[in-house]
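Asks: Structure provided below as structure tokens; questions to follow.
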Amino acid sequence: MLVNLNEIFKVSRQTHTAVGAINTPNLETLIAAISVAEKYNIPLIIAHAQLHDSLMKIEIIGPIMLDMAKKANVPVCVHLDHGESFEFCKKAIDLGFSSVMIDASLLDYEDNIAITKKTVNYAHARGVTVEAELGQLPNRESGDSGSDEAKSHYTDPKLVPDFVEKTGIDALAIAFGTAHGIYKTKPILNFDIIRQVRKLSNIPLVMHGGSGLQHADYIEAIKAGINKINYYTYMSYEGYAAAKALIEKQPTGFYHDICDVATKAEEKKLEEILAVFSNLTK
């Protein structure tokens, strides 16, 4: 069933777990994500990142995401990830997305508030939830989360109550040491930032750059107050590796065979990760 982030967070907060937000820029990943959520009977967020629009236009994949979410037998939120402008967020909302993220974190504080508030006003009038970001993750694919430069972009907990009040957002992505892409070095996570933010605000909190951590890191982040974890890179690499192995073993064949092994590999990785997020590993 199609729901927004508020409905998703009701479940995660009752169970003291985090909901996985899976980027689904192709049909194979979309099938894998919903299949695992239904297998475990857990809520799910499927997301289209604006940066993936070069791979698959939102006008094409969006309606498919929405149709599969409506037909799923678990709550599924269809979310725009890292919308870089009000206009792109509006496009997603008008297509029927139940949630959007406006990422104005590269702008100064007041401009971030202004564009976020504009997005919230448009979204809330249509029953759509909004996520925003304070602080900045290190450059995509760098994996450099422990440098002094990266630490300078960590979220300032003291700004959170003011930002939440002035924007009216439904969820907040915070920076505390994770990074987008593959980690070249072991990430240094500052869980105290999560705890400080949680003391100052009850806003649902989001971890971006959620791939590639140790299971203990996820558990600690969830205990500290994280409610949503974005996950894509390492799952996608598992799909790539499975497809590559098949091609090396069988140099000629059918394209659908590649899709099949990639989907199954992504499902296997998601079963592992979503079990951790949902505390099903006991």
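Asks: Which value, in debye to the nearest 20, gives the size of the charge dipole of the chain about its Cα centre, when Lys and Arg are +1 and Asp and Glu are -1 at the Cβ?
Replies: Using Cβ point charges on Lys, Arg, Asp and Glu, the chain gives about 740 debye.
Asks: Answer rounded, prolate or oblate for the stretch 1-148, using the Cα gyration tensor with square roots of eigenvalues a ≥ b ≥ c: rounded when a/c is under 1.5, else prolate when a/b is larger than b/c, else oblate.
Replies: Note, shape of the stretch 1-148 comes out rounded.
Asks: Between Y240 and S54, what is 0.36 nm times their sequence separation minus the Cα-Cα distance? Round to one decimal in nm.
Replies: 65.1 nm
Asks: In the stretch 13-43, which residues have a backbone nitrogen under 13 Å from the label point lying 7 Å from A275's Cα in the Cα-to-Cβ direction?
Replies: 40
Asks: Further question on the same structure: Using the Kirkwood radius built from alpha carbon pairs, what does the Stokes-Einstein equation give as D for the chain at 10 °C and 1.306 mPa s, in µm² per second?
Replies: Stokes-Einstein gives a translational diffusion coefficient of 84 µm²/s.
Asks: Restricting to DSSP H runs of at least four residues, report the calculated mean residue ellipticity at 222 nm for the chain, -39500 (n - 2.57) per run over all residues, nearest 500 deg cm²/dmol.
Replies: Value at 222 nm, helices only, nearest 500: -15000 deg cm²/dmol.
Asks: Right, next: How tilted is helix 255-277 with respect to the longest principal axis of the chain? Cα atoms for both, answer in degrees (0 to 90, nearest 10).
Replies: So the inclination is approximately 40 degrees.
Asks: Continuing with this model, one more query. Note down the relative contact order for the chain as a percent, whole number, built from C-alpha pairs under 8 angstrom at least six residues apart.
Replies: With pairs under 8 Å counted, the relative contact order is 19 percent.
Asks: If you fit an axis through the alpha-carbon atoms of helix 27-40 and take the longest principal axis of the Cα set of the chain, what angle between them do you get, 0 to 90°, nearest 10?
Replies: For helix 27-40, the angle is close to 80 degrees.
Asks: Amide H neighbours of S211 under 5 Å, counting only residues 5+ apart in sequence or on other chains, H built in-plane at 1.01 Å?
Replies: For S211, whose amide H was placed from the backbone, the distant partners under 5 Å are Y232, T233.
Asks: Among the listed pairs K71/K118; K158/K223; K118/K269; K71/K268; K70/K269; K223/K268, which have their C-alpha atoms separated by more than 29 angstrom in this model?
Replies: Distance filter (> 29 Å) returns K71/K118; K118/K269.
Here, each number is a calculation from the coordinates, and none is a lab measurement. Predicted model, so just to flag it, every value in this text is computed and none were measured. Neighbour counts are summed over all protein chains in view; Cβ atoms, including those assigned to glycine, are modelled from backbone coordinates with ideal geometry.
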